[in-house]
Every structure is written in C-alpha cells, then in structure tokens.
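Note sheet for the following structure.
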Amino acid sequence: MRGQKAYMTVEASFVIPFVLFLFAGLIRLAFFQYDRCAYDQDAYIACFRESLRKEDGAGAAELGKRAQEQFGGKYLMAGTPSMTATEQGRWLILDGRGSAAGWGTLFSARAKRIDPPAGIRKYRRLGYIANRIMDAAEEAMK
C-alpha cells in the first residue's frame with residue numbers, strides 16, 4: 001500500500017522534463033521562423049530600395065553594400081548572413097545564406113528596376129494623345 005501512493009511522482013518525473021524540452025524546442029523553432037522571415041523581408045527591402053535609385057553606380061555592387069546596412073544586427077538567434085547580389089537585365093537579385101537558431105537557412109529576393117515618374121509621364125502623354133485623336137475624330141464627323 002505504501003508504494004502505490006507515490007506513482008504520480010514517478011510519472012511526473014518523466015513527463016515534466018519532456019514537456020519542458022518540448023516548450024524549449026517550440027521557442028527555439030519560433031526564433032528560427034522569426035529570423036527566416038526577417039531575412040526574407042530585409043532582403044526584399046534592400047532590393048526594392050536599390051531598384052528605385054537613379055544615381056550612377058546603382059546596381060549589384062551597391063545593393064550588396066545597402067543590404068549589409070539593412071540587415072544590421074537585429075536578429076534574435078542569428079548573425080549577419082553572407083549575401084551575393086546580381087543584376088539580370090532590369091532585375092536585382094539578392095541571394096543569401098545564414099544560420100538562425102543553429103540551423104542553416106537560405107533566402108532570396110528580387111526586385112525589378114522601375115521608374116515611377118517615367119511611367120506617370122508616359123500614361124499622361126498617352127492620355128493626351130488619345131484626347132487629341134478623339135477631338136480630331138469629332139471634328140471630322142462634323
């Protein structure tokens with residue numbers, strides 16, 4: 001009778017460490033996922049910002065420098081990743097490799113070079129030309 005009262009203590013001595021390791025693993029996995037998302041987001045932000053630049057020298061080399069600034073040291077369980085920047089036509093591509101929470105991770109981002117003011121001017125010019133054609137067509141119908 002005396003040995004039966006402590007069976008719960010023996011079971012708890014097996015279950016509680018298992019549950020603690022499970023929680024620790026989930027927290028580590030959450031840090032890993034956070035770092036992966038931050039890597040992807042920072043890579044895209046760096047590509048996008050570089051794609052909008054109009055100055056001379058804007059390209060893959062400058063993207064690499066700006067990416068290092070963008071990445072900084074804001075990761076929970078990871079260091080600064082190694083990155084390579086390339087340019088394919090109008091596309092800027094940033095590929096990288098880092099380690100987050102002890103596991104390796106890969107990330108990649110790409111952004112197309114765009115010129116928003118040129119697009120707006122082009123759209124307005126096309127609208128102006130369309131209006132002139134419509135006015136000329138109305139004059140011809142009279």
Could you pull out every whole DSSP H run in the chain that spans at least 30 Å of Cα extent along its own axis and averages 0.0 or higher on the Kyte-Doolittle scale? 7-52
Would you mind calculating the relative contact order of the range 46-113 from Cα pairs under 8 angstrom and at least 6 residues apart, reporting the percent as a whole number? 32
Of Gly96, Val10, Ile114, whose Cα points farthest to the positive end of the dipole of the chain (charges on the beta-carbon: +1 Lys, Arg; -1 Asp, Glu; origin at the Cα centre)? Val10
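Normalised by the residues of the range 2-141, what does the relative contact order come to in percent, with Cα pairs under 8 Å and at least six apart? Let's see the in-between values first.
Values: 152 pairs, mean separation 30.8, N = 140.
For the range 2-141, the relative contact order is 22 percent.
Let me make sure I get this right: for the range 6-72, a, b and c are the square roots of the gyration tensor eigenvalues over alpha carbons, sorted descending. Under 1.5 in a/c it's rounded, otherwise prolate if a/b > b/c, else oblate. Which is it? Each step should come with its number before you reach the end.
Details: a/c = 9.64, a/b = 6.51, b/c = 1.48.
Prolate, because a/c is 1.5 or more and a/b exceeds b/c.
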Which length gain, in nm to one decimal place, applies between Ala130 and Leu76 when the Cα-Cα distance is subtracted from 0.36 nm times their residue separation? 13.9 nm
Distance from the range 47-83 to the range 5-41 (C-alpha centre basis), Å: 35
Match the structure shown to one of the listed values (i) 112, 42, 20; (ii) 42, 41, 23; (iii) 49, 31, 21 of Cα extents along the principal axes in Å, computed from it, and give that label. (i)
Within the chain, pairs of Lys residues whose Cα atoms are less than 18 angstrom apart, provided they are eight or more positions apart or on distinct chains, add up to 4
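Every number in this text was worked out from the coordinates using simple rules, so none of it is lab data. In this text, all values refer to a predicted model and were calculated from it rather than measured experimentally. Don't worry about glycine lacking a Cβ; one is built from the backbone with ideal geometry, like all the others, and counts go over all protein chains shown.
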